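Contents: one structure, followed by commentary.
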Amino acid sequence: MSTVRILALGALLVVGFAGVSAAQSTTTPPTRPDSGLYRRGPRPNGEFRRGPGGREGFGFGRDLNLTDAQKAQIKAIHQKYQPQNQALRTQAQPFFDAARAARQKGDSAAVRSNMDKARQVLQGGQSSRNQEMAEIRAVLTPDQRAKFDARKKEFDERRAKGGHRGWGKKGPGAPAAKS
């Protein structure tokens, strides 16, 4: 019986030493390089980050095979409406901040209220967004317009179901909101 105890104790010591030596390993696990894809805003040199998948520029119409001239025209349209869009985001920012603070406190009613107010502010600029989309559509060829319209319809449907950043209306299969 003492032989069994000695063998068990020896096995425990071996396992213990292996665990300690593995924990003190000097090699670091490999890390993925930071692509910066999920950070917002411009880089320090002023350039904006590429969109999902490393694509540049007009991400909503990335599969439209735009010519360089079309890309330049669309970029100019975006720049034309950028001050209006920025002003709307600035107006809505206090509501977003209040919603974030309420979420940290666990006050779901205040979160919903502030997000609804922010949504109302942003929807106030819907006419300028519609005008921007109309100008972009005018730049496209008929085939590109068909793809663009299909993508926009798909985007709007997903957003109506709550699939866009989690703040849209909930679909029929969504769980009930808790207060």
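One table, with the values for the structure above:
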read-out	value
Net charge, residue 80 excluded, C-beta distance under 9 Å - Lys, Arg +1, Asp, Glu -1	-2
Calculated FRET value between residue 101 and residue 123, using beta carbons and R₀ = 25 Å, to 0.05	0.65
Computed over segment 66-160: relative contact order in percent, which uses C-alpha pairs under 8 Å that are six or more apart	31
Links that overshoot a 26 Å alpha carbon limit, given the list 71/117; 117/147; 75/147; 80/152; 105/153	71/117; 117/147; 105/153
Given charges at Cβ of Lys, Arg, Asp, Glu: segment 66-160 dipole, positive-most of 91, 109, 127	109
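Read-outs throughout are calculated quantities, based only on the coordinates presented, and are distinct from any laboratory measurement. Keep in mind that what you see is a predicted model, and the values were worked out from it rather than measured. Using ideal geometry, Cβ is built from the backbone for each residue, glycine included, and neighbour counts are taken over all protein chains shown.
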